[in-house]
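Written below as structure tokens is the structure these notes are about.
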2 protein chains.
Amino acid sequence: MIHKDRTAPVGVFDSGVGGLTVAREIMRQLPDENIVYFGDTARVPYGSKSKNNIIRFSRQIIRFLETKSVKAIVIACNTASALALDVLKEESDIPVIGVITPGARAAVKETRSKKIGVVGTEATIRSHTYSKVITEMEPEASVIGKPCPLFVPLVEEGFAKHHVTDEIIEYYLKEMKHSDIDTMILGCTHYPLLRSRIMEYFGKDVHIVNPAYETAMDLKALLVGQDMDNDSGNLARYEFYVSDTAEKFKHFANSILPYNVETIQQINIEEY
Amino acid sequence: MIHKDRTAPVGVFDSGVGGLTVAREIMRQLPDENIVYFGDTARVPYGSKSKNNIIRFSRQIIRFLETKSVKAIVIACNTASALALDVLKEESDIPVIGVITPGARAAVKETRSKKIGVVGTEATIRSHTYSKVITEMEPEASVIGKPCPLFVPLVEEGFAKHHVTDEIIEYYLKEMKHSDIDTMILGCTHYPLLRSRIMEYFGKDVHIVNPAYETAMDLKALLVGQDMDNDSGNLARYEFYVSDTAEKFKHFANSILPYNVETIQQINIEEY
């Protein structure tokens with residue numbers, strides 16, 4: 001069922017809080033769109049888990065978002081985009097977009113050397129989805145991927161500005177720094193919160209791509225193209241749902257979003 | 001239903017691999033007991049999640065273990081022991097024990113200054129369960145708790161021997177080192193894998209307690225007391241189940257256990 005109701009919300013989901021960096025970009029670029037955000041905080045993180053489970057989790061979330069009559073869905077999670085987008089797109093009547101294609105496109109646009117680095121979770125890197133998408137766009141490109149599994153807990157536990165984070169950045173990215181990449185994709189929605197440290201480490205010769213910006217552009221193109229963009233002129237409404245307690249999510253949300261999130265509702269996602 | 005079948009297995013569960021440090025101790029002290037181990041690798045970690053979800057997850061696991069006709073259950077996870085043991089004990093016809101009471105008892109036996117430190121997950125420390133149990137045993141004791149949420153990812157990502165781990169140990173435990181504790185409980189089943197680094201940091205004036213040892217003793221007392229210990233003389237059988245792929249679990253299990261685990265079965269725990 002295609003919702004021809006232009007005022008219907010856009011569904012955005014992630015394994016937890018990281019996808020808020022994408023939601024923030026949608027709020028900025030598409031200020032008229034209503035958003036229903038879901039963070040799977042009961043089962044976070046996804047990055048160390050298997051394809052089958054990530055597809056199963058994502059299906060439950062899409063069924064939940066359908067109960068909110070969303071008109072389009074953004075998978076604001078690199079791991080779920082890398083492992084589940086193809087399957088979910090086929091199954092769903094609602095348009096579904098992920099963050100990988102937008103991120104890959106931005107990198108291909110940017111690179112001169114055609115050597116692109118990608119950092120992400122274990123599952124994202126192991127899937128080689130970024131490589132596949134990038135070389136489809138630019139057959140001469142070569143892609144170096146590196147999983148950085150400690151980045152998410154470092155961000156979540158408030159170590160983004162602690163000096164051990166610099167040491168762990170060096171530990172993971174030393175080889176990539178000494179390669180000839182000129183562009184690097186932050187292939188996990190938590191990583192933009194380490195962006196300044198990573199930029200500092202690489203210096204100004206490497207361009208750092210955050211797929212959130214292009215993802216919001218893709219969403220806009222999709223909605224305008226299908227004549228589904230919200231032109232009601234009403235103030236946008238944002239709803240937040242999580243599968244674990246709201247407390248920690250709220251704290252994090254309020255540090256990422258440009259306004260204070262007051263109400264966050266907890267649901268049992270396993271029921272969907 | 002009490003299983004009077006002495007050869008029935010003992011169920012042991014954890015949010016993931018950490019509980020294998022407890023299973024290892026049971027294998028050592030009770031070599032005749034069959035074990036069914038379950039690691040909830042699809043929803044790991046528990047330490048940052050809420051009481052309600054941890055109770056719900058634990059209930060599903062107990063229902064699964066009941067299908068394996070276990071005669072007793074060991075919650076080899078501090079977080080689930082701290083938040084769910086009381087409820088689960090009431091609901092279950094099978095005896096259920098956790099790791100908190102054994103760990104607390106060992107610490108109370110050990111301490112001279114009656115000042116005890118406890119390190120654990122966010123959820124374990126916030127629950128104050130160790131404090132409650134310790135002061136019930138020794139009303140004069142005082143307990144200092146400290147959540148160390150990065151310890152689990154550091155262990156899981158293979159950083160146990162990396163020097164950043166020492167810095168993070170110092171970051172979390174500096175205050176505790178300068179307190180007057182003489183005994184500290186490793187209140188998370190992953191932490192024994194950092195034991196030598198933590199012992200080095202504290203020096204020999206602080207006794208480090210790993211509850212796994214006392215938990216296996218408690219299990220033995222329970223089984224002997226209820227005339228349920230396995231005296232068949234047959235070689236013990238160990239079965240392993242997980243809720244996500246077996247691959248990573250297997251690697252970890254083989255580094256913790258004294259023998260190679262060949263077969264690990266994946267189940268969908270949400271169906272229980």
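Table for the structure above
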item	result
Residue within the stretch A:244-253 that is in the same structural domain as A:A72 (by TED's automatic domain parsing) and either among the basic types (K, R) or touching a His at 6+ places or on another chain (Cβ under 8 Å) (or both) present	yes
Contacts under 8 angstrom Cβ, first residue in the stretch B:80-98 being among the hydroxyl-bearing types (S, T, Y), partner in a loop (DSSP other than H, G, I, E, B) and buried (at least 19 other Cβ atoms within 10 Å of the Cβ), 6 or more apart	B:S81/B:G98; B:S81/B:V99
Odd one out for A:F240 among (1) surrounded by fewer than 17 Cβ atoms within 10 Å (Cβ to Cβ); (2) not in a loop (DSSP other than H, G, I, E, B)	(1)
Leading residue by the ranking (farthest from the other protein chains (Cβ to nearest Cβ)) among those in the stretch B:146-164 that are under 20 Å from B:S48 (Cα atoms) and charged (D, E, K, R)	B:K146
Residue that is farthest from B:F13 (Cα to Cα) [pool: residues in the stretch B:182-197 that are in a helix (DSSP H, G or I) and in contact (Cβ under 8 Å) with a residue 40 or more places away in the chain]	B:L194
Per-region count, the stretch A:194-229, residues more than 20 Å from A:E110 (Cα to Cα) and either touching a His at 6+ places or on another chain (Cβ under 6 Å) or buried (at least 22 other Cβ atoms within 10 Å of the Cβ) (or both)	2
B:E122 free of Cβ contacts under 8 Å to residues at least 40 places away in the same chain, surrounded by 16 or more Cβ atoms within 10 Å (Cβ to Cβ), within 14 Å of chain A (Cβ to nearest Cβ) and not β-branched (V, I, T)	no
Cβ-Cβ under 6 Å pairs, at least 6 apart or on other chains, the stretch A:165-181 side away from chain B (no Cβ under 11 Å), far side loosely packed, with under 15 Cβ neighbours inside 10 Å and of a type in the set (S, T, N, Q)	A:D180/A:S113
Every residue from the stretch B:50-77 that is touching a Leu at 6+ places or on another chain (Cβ under 9 Å) and either basic (K, R) or touching a residue at least 60 places away in the same chain (Cβ under 8 Å) (or both)	B:S50, B:K51, B:I54, B:R59, B:K71, B:A72, B:I73, B:V74, B:I75, B:A76
Yes/no for A:T215 being within 14 Å of chain B (Cβ to nearest Cβ) and in contact (Cβ under 8 Å) with a residue 40 or more places away in the chain	no
The stretch B:46-61 - residue that is under 17 Å from the mean Cα position of the chain (by Cα) and polar (S, T, N, Q) and, of those, surrounded by the fewest Cβ atoms within 10 Å (Cβ to Cβ)	B:S48
Test: A:V261 is in contact with a helix residue (DSSP H, G or I) (Cβ under 6 Å, 6 or more places away or on another chain) and either assigned by TED's automatic domain parsing to the domain that holds A:V36 or modelled with pLDDT under 90 (or both)	yes
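The values are calculated or read from the model by the stated rules, or taken from the named source; none is laboratory data. Just so you know, these numbers come straight off a predicted model, no measurement behind them. Methodologically, a virtual Cβ is constructed for each residue, glycine included, from the backbone with ideal geometry; neighbour enumeration extends over all protein chains shown.
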